[in-house]
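S.K.: What follows is a structure written as structure tokens; I'll ask about it next.
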Amino acid sequence: MEKETEKKRLGVSGSTLKIIAMVTMLIDHIGAAVLMRHLLVTRSHIVSIDAYNQLVMFYRVLRGIGRISFPIYCFLLVEGFQKTGNLKKYILRLAIFAVVAEVPFDLCFTARAFSLSHQSVMLTLLVGVITMWMASLVERQVASRLLRVPCMAAAIALGAAAAELLNTDYGYMGILCIMTLYVLRRVKWMQITGGCLVFLWEIWAPLAFIPIGFYNGKRGLALKYIFYLFYPLHLLILYLICVLLGTGGIPAV
């Protein structure tokens, strides 16, 4: 018992996972927003092919590192859904920040204050939570196992369709990834294995399950609102950097 307690204490807390996710997301967005604009500008008047190719390689490394963030956010979303004391407030909080983040997101990636072509990951997480809520209703109210599977599949399909219709970041795949972690949440090794498999479409993403595997179930530092604030702020700052560099008017997508 003491060994198990010590192992949990020494593991990775939820706040540590959030910090890893935020740092890797920032690295990803530096590549996607700042460096991509620079590549688009320099492509039209290449001075050195070698220098340009090195920048492209650096861009790919930044984006590769960034693939680690989304699986962690999906995992934490599942954890948050299970542990929240007030689901309505949890959904409302995600909805509010999804709206708040939209202008910084659009500026950062489309160079426009408002665009319906691509919505932020905050909206993906919001749709994910609502999909988990629908799935939890199925688990509680559908007694027959024979009926539970198609009902669960229908709930997931509805969430995935909503993500596609709303043009959320990661689209239907984002919802499938979240729901894989939700469905397999009761058995840690199955959740990690399933997570690695469902994220194979992004080569570096399964690396996220290394720190997730050491998660000790503890909250850690009180960072409840840090991510919500960090997301729109870092996007806005990156866009302002692009403006200062003279590339703010160029869409990064």
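S.K.: Non-local amide H neighbours of residue 168 (under 5 Å, H modeled in plane, Pro and chain starts lacking H): which ones?
M.R.: It is 119, by chain and number.
S.K.: Once you keep just the Cα pairs under 8 angstrom separated by 6 or more residues, what percentage relative contact order results for the chain?
M.R.: Relative contact order comes out at 33 percent.
S.K.: Can you give me the distance in nm between label points at residue 142 and residue 53, each placed 7 Å from the Cα along the Cα-to-Cβ direction?
M.R.: 5.4 nm
S.K.: Further question on the same structure: List 192, 241 from most exposed to least, where exposure is judged by having the fewest other Cβ atoms within 10 Å.
M.R.: Working: 192 20, 241 16.
Ascending Cβ contact count within 10 Å gives the list 241, 192.
S.K.: Using alpha carbons only, how many degrees (0 to 90, rounded to 10) separate the axis of helix 171-183 from the longest principal axis of the chain?
M.R.: Here the helix axis deviates by roughly 30 degrees.
S.K.: Quick check: the angle from helix 145-165's long axis to the longest principal axis of the chain, C-alpha only, nearest 10 degrees?
M.R.: Value to nearest ten degrees: 20.
S.K.: In Å and on Cα atoms, what radius of gyration and Dmax does the stretch 178-253 show?
M.R.: Expressed in Å, the Cα Rg and Dmax of the stretch 178-253 come to 17.7, 50.
S.K.: Among all lysine pairs in the stretch 2-244 that are eight or more places apart or on different chains, how many have alpha carbons less than 12 angstrom apart?
M.R.: Close lysine pairs under the 12 Å cut-off: 4.
S.K.: Working from Cα positions, state the angle (0 to 90°, nearest 10) between the long axis of helix 121-141 and the longest principal axis of the chain.
M.R.: 10 degrees
S.K.: Please check: in the Gaussian network model of the chain (C-alpha springs, under 10 Å), which one of 35, 123, 55 has the largest mean-square fluctuation.
M.R.: Maximum fluctuation in the GNM of the chain, among the listed residues, is at 55.
S.K.: Tell me what the chain gives for mean residue ellipticity at 222 nm when only DSSP H runs of n ≥ 4 count, each as -39,500 (n - 2.57), the sum divided by the residue total, rounded to 500 deg cm²/dmol.
M.R.: Mean residue ellipticity, 222 nm, calculated: -23500 deg cm²/dmol.
S.K.: Then there's this: Quick one: which residues, 5 or more positions from residue 215 or on another chain, have an amide H under 5 Å from its amide H? H modelled 1.01 Å from N in the peptide plane, none for Pro or chain starts.
M.R.: Answer set, sorted by chain and number: 12.
S.K.: Taking the convex hull of the Cα atoms, report for the stretch 42-143 its projected area averaged over all directions, in nm².
M.R.: For the stretch 42-143, averaging the hull's shadow over all directions gives 9.3 nm².
S.K.: Right, next: Where q = 0.09, 0.16 Å⁻¹, what log10 of I(q)/I(0) comes from the Debye formula for the chain, counting one point per Cα?
M.R.: Each listed q corresponds, in turn, to -0.43, -1.23.
No lab work stands behind these numbers, since they all come straight from the coordinates. On a predicted model such as this, the values are computed, not experimentally measured, just so you know. All Cβ positions, even for glycine, are placed from backbone atoms using ideal geometry, and neighbour counts span all protein chains on display.
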